[in-house]
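This report concerns only the one structure given below.
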Amino acid sequence: MGREDMRAGDGDRKQVADQLKAALDEGRLDLDEYDERLQRTYAAKTYGELDGLLDDLPGTVPVQHSQIQPAAPPAASMTPVGTPKAPDPRHWMGGYAGVVVVCTLIWLFTMVASGHWIYPWPVWTLIPLILGFFSRRR
């Protein structure tokens with residue numbers, strides 16, 4: 001029994017699908033080609049049907065034939081091992097401030113349109129923004 005006749009398992013198809021997804025993420029495949037190859041991957045019953053799907057992608061050929069350079073190891077972190085980094089609230093405070101402004105405008109327009117005083121509920125949306133601001137100052 002040759003490779004063309006040997007049945008491929010779900011794990012084999014999943015491995016090929018993961019490599020195709022990596023190639024899509026790297027820009028080596030366009031979406032149409034990825035979709036077509038992925039359909040062929042999950043329809044494959046034998047190794048012979050899986051073989052041609054990755055031949056033209058880097059990292060799927062033997063190392064002696066590849067032209068990929070090894071990546072440099074990641075730089076060491078300045079934080080001591082085991083010390084969790086404190087979350088930086090600045091990455092969400094700007095967007096959340098926009099939410100507070102939109103809520104305040106909705107409240108203001110509703111109050112003006114109704115012609116009477118409405119409880120200022122947008123004040124409650126300020127609480128996370130204020131807590132984020134004060135946690136940033138530590």
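Could you please let me know if Val16 is within 30 Å of Val123 (Cβ to Cβ), in contact with a Leu (Cβ under 8 Å, 6 or more places away or on another chain), open to solvent by less than 70 Å² (accessible area, probe 1.4 Å) and modelled with pLDDT of 70 or more?
no
Go through segment 22-43 residue by residue and tally those that are closer than 16 Å to Asp56 by Cβ and open to solvent by less than 100 Å² (accessible area, probe 1.4 Å).
The qualifying residues number 12.
Scanning for something open to solvent by less than 60 Å² (accessible area, probe 1.4 Å), out of contact with any Ser or Thr (no Cβ under 8 Å at 6 or more places or on another chain), at pLDDT below 90 and in a helix (DSSP H, G or I), does segment 100-121 turn up at least one residue?
No - not one qualifying residue is present in segment 100-121.
Taking segment 19-75 as the region of interest, how many residues are of a type in the set (A, V, I, L, M, F, W, C) and either part of a loop (DSSP other than H, G, I, E, B) or modelled with pLDDT under 65 (or both)?
So the count comes out to 11.
The values are calculated or read from the model by the stated rules, or taken from the named source; none is laboratory data. The structure presented is a predicted model; accordingly, all values stated were derived computationally and were not measured. Quick reminder, even Gly has a Cβ in these numbers, built from the backbone with ideal geometry, and neighbours come from all protein chains shown. SASA here: full protein model, heavy atoms, side chains in, ligands and nucleic acids out. Shrake-Rupley method; radii C 1.70, N 1.55, O 1.52, S 1.80 Å.
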